[in-house]
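The values are calculated or read from the model by the stated rules, or taken from the named source; none is laboratory data. Source: prediction; values computed, not measured. Because the Cβ atoms are built from the backbone with ideal geometry, glycine has one as well, and the counts that use them run over all protein chains shown. Side chains are part of the model used for accessible areas, which takes the heavy atoms of the whole protein and leaves out ligands, DNA and RNA. Shrake-Rupley method; radii C 1.70, N 1.55, O 1.52, S 1.80 Å.
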Amino acid sequence: MATRKGERLTLTFAAGRKQAFDSNAKACEGYDNVDACLKFFLLGYLPDQKIYVVKRSAYEGGDYRLLKFDSGAQLVLGDRPIFSPDGARLAVVDADYGSAESPLGVWRLDRFPPSRELEAKLPGDAMWEVARWIDKDTIEITRLGIGEQKKAFARLAKGKWKIDYEK
C-alpha cells in the first residue's frame, strides 16, 4: 500500500491509483533554499476508516494530512490528530503560534471529508494541545507554557460538545 524509495513516499489508492510525495531533505540543511525544504512521513493507516495519515514537515511548520484510500480525498490539519478510542472521531488543536487563542476541532470519521462537530477557541496566552481521549466522549486538553498547568475537558453529551475548564 505504501513504499518509500529514497525521498519519494508513494501511496497506493483504490483501483491501483498512486500518489507520490517528494521530500527534499537537502534543502533543509542550510538557509539558501528553505522554500524547497519538505519532508513527508507516513505515520499510519487506519484500516477501519481506510485513511492514511501523513505528516508534511517544512522548514518552518508543517501539517498533517488524512487521505482517503477509496478516493484520495484529503483533509489537512494544522497539528497532530488524536483519534478517539473507538476510531469514530479525531481531535486536534490547530497550533497557531501568532494567536493567543487556539481553535480546538473535533471531526467525525464516518464520512469523508470528515464532518466537523466542534470548533472552539481555547482562551489564554499559552498554547493548548489535545492530551488524550479519556473515553469515546471525553477529551482532555492541556494548556502548555511556563507556570501552572491548566486543563480543560471537552465532553459529548446528548449530541452536543461542552468544554469545562479546570479551576
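Going through (1) in contact with a Gly (Cβ under 7 Å, 6 or more places away or on another chain); (2) among the aromatic types (Phe, Trp, Tyr); (3) within 28 Å of Ala126 (Cα to Cα) one by one, Phe83 falls short only on (1). The test for being open to solvent by 30 Å² or more (accessible area, probe 1.4 Å), within 21 Å of Pro113 (Cα to Cα) and of a type outside the set (S, T, N, Q) holds for Arg65.
Looking at the stretch 22-40, is at least one residue open to solvent by less than 80 Å² (accessible area, probe 1.4 Å) and under 17 Å from the mean Cα position of the chain (by Cα)? Yes, some residue in the stretch 22-40 is open to solvent by less than 80 Å² (accessible area, probe 1.4 Å) and under 17 Å from the mean Cα position of the chain (by Cα).
Of all the residues that make up the stretch 1-21, how many are touching a residue at least 40 places away in the same chain (Cβ under 8 Å), in a strand (DSSP E or B) and surrounded by 15 or more Cβ atoms within 10 Å (Cβ to Cβ)?
First, pick out the residues of the stretch 1-21 that are touching a residue at least 40 places away in the same chain (Cβ under 8 Å): 1-2, 9, 11, 13-14, 17, 19.
Among the residues that remain, those that are also in a strand (DSSP E or B) are: 2, 9, 11, 19.
Cutting the leftovers down to surrounded by 15 or more Cβ atoms within 10 Å (Cβ to Cβ) gives us 9, 11.
So the count comes out to 2.
The residues listed here are Leu90, Leu75, Leu109, Leu43; of these, the one that is of a type in the set (A, V, I, L, M) and open to solvent by 70 Å² or more (accessible area, probe 1.4 Å) is Leu43.
Quick grid of which residues meet (1) farther than 18 Å from Trp107 by Cβ; (2) over 20 Å from the mean Cα position of the chain (by Cα); (3) open to solvent by 20 Å² or more (accessible area, probe 1.4 Å):
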site	(1), (2), (3)
Met127	yes, no, yes
Val130	no, no, no
Trp133	no, no, yes
Asp137	no, no, yes
Thr142	yes, no, no
Arg155	no, no, yes
Lys160	no, yes, yes
